Each structure stands twice: as C-alpha cells, then as structure tokens.
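Structure first, then comments.
The values are calculated or read from the model by the stated rules, or taken from the named source; none is laboratory data. Predicted model, so just to flag it, every value in this text is computed and none were measured. Here the Cβ is made from the backbone with ideal geometry for all residues, glycine too, and neighbour counts use every protein chain on show.
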Ligand SMILES: Nc1nc2c(ncn2[C@@H]2O[C@H](COP(=O)(O)OP(=O)(O)O)[C@@H](O)[C@H]2O)c(=O)[nH]1
Ligand SMILES: [Mg+2]
C-alpha cells in the first residue's frame with residue numbers, strides 16, 4: 001500500500017489522440033502544481049476556469065479547462081485537480097512529464113483514485129464496485145445495474161440489515177448482562193427470534209435471485225446445438241452479424257466451441273456454437289461433441305437447431321435440455337407443407353427471415369429463467385459469499401434459539417452475521433478486499 005502522502009496523476013480518459021482528454025491529479029501537491037504550472041493560478045473552487053498549462057520553463061503546453069477541488073471536498077477526499085485538455089499525444093505527454101517531474105508526484109495505479117475515495121469514506125466499497133462496473137458496462141442492463149449499485153441502493157439494504165443485526169445484538173447483550181430471572185428464556189428471546197427470522201428470510205430472498213445480477217454483469221450463456229450441417233455456425237454468424245464461425249457444407253467442420261459476445265435486447269449474452277451431434281468414431285470430433293454437451297449443460301439457454309429440409313430424429317437431443325427448438329433453412333421449405341410444430345421456430349440463417357423472433361425468444365428465455373426483479377442486490381460472487389456467510393450464521397442463531405442454548409450462543413452467531421455484512425460493506429478487512437477489487441479497475445479511475 002502506497003501512502004496518501006503521494007500526489008497521484010493519470011490520464012483518466014481513453015485512447016489518444018482524442019478531441020479532448022481528462023487528466024486527474026489528487027494529493028497534497030495539487031496546490032503547488034496549480035501555482036507552478038497553471039495561469040491564472042487563482043482558481044475558484046469547483047468552477048471551470050480557462051487556463052494555460054506551462055512546463056517547468058514556463059512554455060505553454062496547452063490551453064485547457066481546470067477544476068480545482070481544494071481540501072477534502074473532492075471525490076478522493078483530498079485536494080484534487082481535473083484538467084480537460086486537448087487530446088494530442090504531445091500535449092498529454094508534456095503535461096504528464098511536467099507534473100511527474102515535481103516532487104512527491106507519481107503515476108496513479110489502477111483504481112487508485114477510487115481506492116482513496118473508499119479509504120477516505122467518500123464512497124462505500126459496494127458503490128465503488130458499481131463505479132468499476134459502470135466503466136465496464138457494455139449493455140443497457142449492465143449500465144442500469146451498475147448505476148443502481150453506484151447510487152447505493154444495494155449498499156443501503158445491506159446497511160439496514162447490518163443495523164438490524166446490531167440492534168438484535170444489543171437486546172441479547174442486555175439479557176446476558178441483566179438476566180430477568182422470572183421469565184422463561186423462550187419469552188425473553190421472543191423479540192430477537194422474530195427479528196432473526198425476518199432477517200434470515202430477507203437475505204434468503206436476496207440470495208434466491210437465480211443469480212440474475214451476476215448474469216447481468218458477466219453475461220448470460222446461450223448454446224447452439226444440433227446435428228451437423230443444420231446451420232448452427234450460420235446461426236451464430238447471423239446473430240453476431242459477422243463471420244465468427246466457419247461455415248461449410250462439410251459436416252463436422254465445427255469441432256471446438258466458438259463464443260461471441262452479443263448485446264441482445266440490452267443484455268450481455270455469450271453465444272456458443274458447438275460441434276454437430278452425430279455418431280462418429282473420429283476422436284477429435286468425439287471430443288467436440290463431448291464439449292458441445294458440456295456447453296449445453298452449463299448454458300442458461302439452449303437452442304436446438306435442425307435443418308427443416310432434412311429429416312432428423314429428435315433423439316439426437318437426448319440428454320440435452322433444449323429450451324428452444326429452431327428449424328433452420330426455412331428458405332428451402334417447400335410451400336404449403338406444414339412440417340413445423342407449434343413449439344419450433346422456423347427461420348433462415350441465410351436470408352435472415354425469422355431472426356428477430358429468435359432474438360426476442362432468447363431475450364424472453366434468459367430473463368424468464370431467472371426471477372426478474374428490478375434491481376438485484378447481488379452483482380458479484382463477493383456479494384454472494386458474504387450474504388451466504390450471514391445467512392449461515394443466522395440459521396445457526398435460529399437453531400441456538402430453538403434449542404434454548406442461551407443468549408451467549410445466539411449473540412455469537414449474530415456477531416458473525418454482522419461481521420459478514422461489515423466485510424461486504426468494506427467496514428472491516430477493507431485493505432484485503434481493496435487489493436482484489438481494485439486490481440480490476442482501469443488507471444485514472
Ligand atoms: N439454404 C440455406 N442454407 C443454409 C442456411 N443456414 C446454413 N445453410 C448452409 O448449410 C450448410 C451448413 O451450415 P453450417 O452453418 O456450417 O452448419 P453447422 O454444421 O450446423 O455449423 C452450409 O452450406 C450453409 O451455407 C439457411 O438458412 N438456408
Ligand atoms: Mg458448424
């Protein structure tokens with residue numbers, strides 16, 4: 001861990017050259033950097049000022065907009081400066097070199113600005129994760145979820161649960177310290193019992209979300225399976241809008257899993273094309289078929305494709321839970337012949353006919369499989385682990401209550417549940433968690 005006595009600087013915006021770019025500086029040397037390199041240097045706090053940025057010799061490097069956040073009233077909780085500069089490489093290099101040449105100034109590490117914000121208590125850990133997810137968001141659903149976390153909606157719920165645990169604990173501790181000899185233990189513990197059960201139900205409810213939040217963040221998996229030559233690779237390419245997989249009329253062309261990431265109706269979806277299912281003795285193809293079956297077993301949604309113009313026994317899908325049956329090559333179907341059953345979707349990967357229906361069916365399928373709630377609380381495995389720990393501790397508290405093991409035992413379990421939520425919120429063990437969380441951040445954030 002590097003001390004906050006360092007002043008850190010980074011380019012916070014994207015690849016160069018760009019029309020404009022943002023350079024971010026945070027730390028005790030911000031005032032000195034402004035005095036030494038900006039003209040005018042008397043910046044009105046948190047106001048945009050047109051300035052010249054100058055190098056150590058006084059030569060002008062750029063004409064920029066500067067915003068000064070003095071004192072602790074900044075994102076990082078320490079003096080900060082944001083420069084909106086022209087995004088030329090020489091401009092950025094000149095400014096970074098000049099500022100890095102000053103005493104006590106160094107380049108920021110990935111996520112270091114947000115790390116300082118968390119350590120200064122300006123941003124909660126779950127909210128900071130929301131910031132990282134917002135920067136990474138590729139789809140509308142990811143963006144909405146990240147914003148909900150960033151705004152503290154999930155953290156607010158975790159905080160409420162944590163407060164309720166502490167108040168149950170206070171009740172219990174009062175009982176341990178001042179036992180009321182006249183009442184039976186069941187009676188005195190009654191208010192605590194009710195709270196524990198309510199909390200346990202709420203946490204179990206959050207955990208029983210079908211992993212929706214994690215899937216929104218990491219992507220839903222969709223597998224395309226079917227016999228060789230059905231047009232599985234063509235279907236993947238049609239969905240992707242590009243030639244991601246090789247398409248030939250030679251059966252057995254696709255032997256390994258090919259995955260593309262798509263934005264389907266606002267959801268990130270990872271679609272995999274698989275080897276055709278058939279009887280074979282070719283060891284490479286056999287391995288491909290084994291992988292196809294494994295991909296189908298792991299997938300959130302399985303599309304079973306066949307060729308409408310060829311007859312295939314449904315038994316090829318034996319052992320695979322197909323969510324949607326697709327009959328491809330509808331362009332080849334002879335008119336008038338009704339070979340398609342109600343449950344299958346006819347389409348043509350070649351002409352694109354019926355593809356909109358497929359996209360809609362996938363979207364409905366992936367969201368319908370999980371219980372849809374507007375804002376899932378859990379977006380990461382870290383959140384799930386912490387809530388599972390809290391749930392287990394509360395279950396154990398419930399057992400201790402049922403078996404009248406005594407207030408001390410119940411209190412110990414409630415303390416464990418509270419600690420799990422404290423870890424989740426970054427109230428304890430924050431240094432350990434920070435390393436893992438911020439390693440995923442980009443520089444300048
Ligand atoms: N007429 C027609 N041919 C198709 C269609 N989809 C795929 N094909 C052809 O069927 C053959 C096998 O396609 P491919 O995507 O490689 O099938 P895969 O083995 O299931 O991956 C290729 O010659 C494709 O051009 C379609 O919708 N209509
Ligand atoms: Mg193929």
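Applying the set (1) within 16 Å of ligand 2 (Cβ to nearest atom); (2) under 18 Å from residue 355 (Cβ atoms); (3) in contact with a helix residue (DSSP H, G or I) (Cβ under 6 Å, 6 or more places away or on another chain) to residue 301 leaves exactly one unmet item: (1).
For residue 217, indicate whether it is surrounded by 14 or more Cβ atoms within 10 Å (Cβ to Cβ), more than 14 Å from ligand 1 (Cβ to nearest atom), at pLDDT 90 or above and more than 30 Å from residue 143 (Cα to Cα). No: the conditions fail for residue 217.
When the strands (runs of 3 or more DSSP E) confined to the stretch 1-74 are screened for residues that are in contact (Cβ under 8 Å) with a residue 60 or more places away in the chain and either under 25 Å from residue 111 (Cβ atoms) or in contact with a strand residue (DSSP E or B) (Cβ under 7 Å, 6 or more places away or on another chain) (or both), those reaching at least 2 such residues are found at 7-11, 18-26. In this structure, does residue 259 turn out to be under 20 Å from residue 316 (Cα atoms) and more than 11 Å from ligand 2 (Cβ to nearest atom)? It is false that residue 259 is under 20 Å from residue 316 (Cα atoms) and more than 11 Å from ligand 2 (Cβ to nearest atom). Of note, residue 373 satisfies the criterion of being under 18 Å from residue 265 (Cα atoms), in a loop (DSSP other than H, G, I, E, B) and either within 16 Å of ligand 2 (Cβ to nearest atom) or modelled with pLDDT under 85 (or both). With respect to the conditions (1) within 34 Å of the chain's Cα centre (by Cα); (2) surrounded by 13 or more Cβ atoms within 10 Å (Cβ to Cβ); (3) closer than 30 Å to residue 431 by Cα, residue 31 lacks only one, and its number is (1).
Identify, from the list 132, 137, 117, the residue that is closer than 30 Å to residue 218 by Cα, free of Cβ contacts under 8 Å to residues at least 24 places away in the same chain and surrounded by 17 or more Cβ atoms within 10 Å (Cβ to Cβ). Give the steps one after another, and end with the answer.
Details: 132 fails: free of Cβ contacts under 8 Å to residues at least 24 places away in the same chain; 117 fails: free of Cβ contacts under 8 Å to residues at least 24 places away in the same chain.
Going through 132, 137, 117 in turn, just one is closer than 30 Å to residue 218 by Cα, free of Cβ contacts under 8 Å to residues at least 24 places away in the same chain and surrounded by 17 or more Cβ atoms within 10 Å (Cβ to Cβ): 137.
Can residue 270 be described as in the same structural domain as residue 360 (by TED's automatic domain parsing) and part of a helix (DSSP H, G or I)? Taking the combined requirement at face value, the residue does not satisfy it. In the stretch 96-105 there is no residue that is under 20 Å from residue 123 (Cα atoms) and assigned to a loop (DSSP other than H, G, I, E, B). For the stretch 195-207, the criterion of being within 10 Å of ligand 2 (Cβ to nearest atom), touching a residue at least 60 places away in the same chain (Cβ under 8 Å) and in a helix (DSSP H, G or I) is met by no residue.
For residue 293, the conditions (1) near ligand 1 (Cβ under 7 Å from one of its atoms); (2) closer than 15 Å to residue 321 by Cα all hold with the exception of (1).
Tallying residues that are over 30 Å from residue 213 (Cα atoms) and in a helix (DSSP H, G or I) within the stretch 376-411 yields 9. Residues in the stretch 265-287 that are more than 20 Å from residue 321 (Cβ to Cβ) and surrounded by 14 or more Cβ atoms within 10 Å (Cβ to Cβ): 7 in all. Among the residues of the stretch 221-228, is there at least one that is crowded, with 21+ Cβ neighbours inside 10 Å and either away from ligand 2 (no atom under 16 Å from the Cβ) or at pLDDT below 90 (or both)? So far as the stretch 221-228 goes, no, none of its residues is crowded, with 21+ Cβ neighbours inside 10 Å and either away from ligand 2 (no atom under 16 Å from the Cβ) or at pLDDT below 90 (or both). Filtering the stretch 13-42 to residues that are touching a helix residue (DSSP H, G or I) at 6+ places or on another chain (Cβ under 8 Å) and under 13 Å from residue 84 (Cβ atoms) leaves 21, 23, 24, 25. Pairs are defined by a Cβ separation below 6 Å, a sequence spacing of at least 6 or placement on different chains, a first member in the stretch 230-250 that is farther than 21 Å from residue 327 by Cβ and in a loop (DSSP other than H, G, I, E, B), and a second member that is modelled with pLDDT under 80 and near ligand 1 (Cβ under 7 Å from one of its atoms); the pairs so defined are 246/253.
Listed residues 309, 348, 330; which is at pLDDT 95 or above and surrounded by 13 or more Cβ atoms within 10 Å (Cβ to Cβ)?
Working: 309 fails: at pLDDT 95 or above; 330 fails: at pLDDT 95 or above.
Among 309, 348, 330, only 348 is at pLDDT 95 or above and surrounded by 13 or more Cβ atoms within 10 Å (Cβ to Cβ).
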